[in-house]
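To keep things clear, I will list the structure first and then write my remarks on it.
Only the coordinates and a few stated rules stand behind these numbers; no lab work does. Note that the structure is a prediction, hence the values are computed from the model and not measured. Because the Cβ atoms are built from the backbone with ideal geometry, glycine has one as well, and the counts that use them run over all protein chains shown.
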Amino acid sequence: MSKAYIIGDRAAVLGFKGVGFEIIHAFDATSLTQALGQIIRANDAAIVLVSEDVAAHNPEAMANFREQSQAIMTTIPTHHGSNNSGFEEIRRLVEHSIGVDMLGKE
């Protein structure tokens, strides 16, 4: 059975446990790399959410995960605010897929 994972600091991700996400605590580049490696080895992920502040520590690990896994992965904002990286990534992928920026540039 496929699982949904969320990676981030404890305060940012704990609420997702109540809706069925597997929680993995990470707070820096090393712990993010370890968490993504754990998910790849388990090979049971359908969706992986990573808090924006943790994802910013190691974009190479994020890119590596996307190459090795079929799971959908995106970033989510935290209580610290958002830098819109998740939206920008989705906008870029939609534009690449269909050749038109359907979501509009701000």
Separation of the Arg41 and Ala4 label points, Cα + 7 Å toward Cβ, nm: 2.6 nm
Region 3-80, relative contact order in percent, only Cα pairs under 8 angstrom and at least six apart counted: 34 percent
Shape of region 3-80, Cα gyration tensor, a/c cut at 1.5: oblate
